[in-house]
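Accompanying notes for the structure given below.
The values are calculated or read from the model by the stated rules, or taken from the named source; none is laboratory data. Predicted model only: the values in this text are computed from it and were never measured. Here the Cβ is made from the backbone with ideal geometry for all residues, glycine too, and neighbour counts use every protein chain on show. With ligands, DNA and RNA removed, areas are computed over all heavy atoms of the protein, side chains included. Shrake-Rupley method; radii C 1.70, N 1.55, O 1.52, S 1.80 Å.
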Amino acid sequence: MTLSSSFLKRAKAQADEVVDKVETTLSAMEAAYKESFPYETLSEAKKAYESKDETLEKNEAIVAALDATRDALSTGIMHLRTIETYISLNVPQMEDGNNFGVTVQLNALKEIGDIKEKWSKSLEELPKYFSTRADAVDKLGLPKQSKSETKTTSESESTGGKEGDESKTSNSKTTEEKTSNGGAPEYHRIQHIIAIDVQQYFTLKTAMRSVMEGYLVAMDNLLKNRMKIDAPKGNGGGNFGAMY
């Protein structure tokens, strides 16, 4: 039993749309890469982060680069999933002989699966930066302020008095503020935070390059083998990504 041809046609249309926008997608990734990673060396990045008063606050440049990298990873993963779905639905039943086209399809699926797994792991690692940096900032021993508030409500009733029955309610609120005074941040602690930002810069830059290069290679391989991917048994039909 096979799925209705309408599902296959829909999957192919979605895959063709991804392929049709390959150049646009890559151009967007390249633009984001140039904007997010302006420093050629890590020493340049370190100097830039030291000169900005961002050590104790969030590093705006790193956060922006992280967002751009996350968008590139998620876009690449979703596009490859679209291609993967189409190829999987288009794999014919295995028969004796004439299975070369099927082998091409299976190889393409393996390549896509390996790339998606690599990108997914990179995507999962991104949030760890915030936890690592938060721990480093906490160890600086900066002044901290805490505030606590206590509210108390009491009610009382009396009967049979001169003025008859009475009901009284009293409310009280106590607010306490505490400030812990820390000393001046130690030099090596500050350098640790800067080093975390520099390392994250390199990690993000590497991840973005991985997406750009992996996306290009995967799509190029698909286009080079589009006839076998689209018609593994040589049964004709419109070529996958025929616009190329």
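General remarks:
- In this label model, residue 9 and residue 99 are separated by 3.1 nm, measuring between points 7 Å along each Cα→Cβ vector.
- For the residue pairs 58/116; 118/224; 47/139; 9/233, alpha carbon separations beyond 21 Å are given by 58/116; 118/224; 47/139.
- Segment residue 71..residue 132, full-extension length gain: 19.8 nm, with 0.36 nm per residue of separation and the alpha-carbon distance subtracted.
- Accessible surface computed residue by residue for the range 30-124, with neighbouring protein chains in place and a 1.4 Å probe, gives 58 Å² per residue.
- Tail beyond 12 Å, pair distance distribution of the range 4-50 (Cα, percent): 72 percent
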